[in-house]
Amino acid sequence: MPYLKKVQKDPPLAKRWDIKAQKCGLRHTVYSVNGDEYKGEWMDNKKHGKGTHIYKKDGAIYEGDWKNGKSDGYGTYSKLLPGSNEYVRKYSGGWKNAKKHGYGTFFYSNSAVYEGHWSEDKRSGWGRMHNDNGDIYEGEWIEGKHHGQGTFRFANGNSYEGTWKDGKKNGYGKFHYLNKGQLYDGFWVDGVAKTGTLSDFGRDEAPMPTTYPIPKVYLLDTSLVLMEAQSVYHNQCCTVDI
């Protein structure tokens with residue numbers, strides 16, 4: 001008579017214990033070996049949903065959305081002030097895969113603030129940056145640098161409006177010297193003005209006008225001269241060695 005082995009319907013005891021140990025749903029504070037603390041929702045033994053994580057090492061705290069164990073969605077990241085029990089907010093906004101992503105605001109200091117879009121933890125897209133010295137940049141970013149169309153307003157009132165590349169003025173742009181009552185309208189390469197026109201405007205109201213006004217240009221076709229000069233620099237910038 002053949003022997004029929006009884007089929008075990010229930011998983012092994014070790015497997016059942018492991019299933020019971022899996023965290024799922026809302027839990028009270030869970031302490032990690034490194035001293036970190038987490039209180040919030042879980043799924044499949046990973047932080048998932050709403051929760052607050054306190055990082056013991058640097059005294060930081062993240063409160064917001066989680067997905068598969070990483071900050072993902074909307075959340076606020078704060079740091080503990082040295083020598084006190086007070087937290088100061090550093091970033092509020094979107095997250096993806098534990099990195100700043102989407103729209104958010106980062107506080108570098110009380111007066112230096114960036115508000116705009118992020119990608120892979122870097123300023124990318126449209127954004128406005130207020131610097132400690134009073135300068136303001138508003139425009140496009142890529143990889144944390146001014147790139148595309150943007151306006152830079154200096155604390156002294158001067159401003160540049162035009163094209164940027166890798167954090168420098170590149171391409172066509174206008175620089176308003178409000179302190180001198182002058183306007184430069186032309187082409188830039190790596191932050192240096194190359195070809196363009198400099199003219200007076202609002203000279204009488206300027207706080208620091210030049211000693212003499214800019215003389216009138218008597219070229220028959222100034223636009224043609226500028227176009228030819230700009231094309232030279234443009235071709236140089238776009239030339240690729242093969």
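What follows draws every value from the coordinates through simple rules; no lab data is involved. None of these values were measured; they are calculated from a predicted model. Here Cβ is always computed from backbone atoms with ideal geometry, including for glycine, and neighbour counts include all displayed protein chains.
Some points to look at:
- Test result for residue 58, over 19 Å from residue 36 (Cα atoms), without any contact (Cβ under 8 Å) to a residue 40 or more places away in the chain and assigned to a loop (DSSP other than H, G, I, E, B): no
- Qualifying position, being outside any loop (DSSP other than H, G, I, E, B), surrounded by fewer than 16 Cβ atoms within 10 Å (Cβ to Cβ) and in contact with a strand residue (DSSP E or B) (Cβ under 9 Å, 6 or more places away or on another chain), among 64, 75, 49: 49
- From the list 177, 184, the one residue that fits, being crowded, with 17+ Cβ neighbours inside 10 Å and among the hydroxyl-bearing types (Ser, Thr, Tyr), is 177.
- Residue in region 164-187 that is more than 24 Å from residue 211 (Cβ to Cβ), of a type in the set (Asp, Glu) and in a strand (DSSP E or B) present: no
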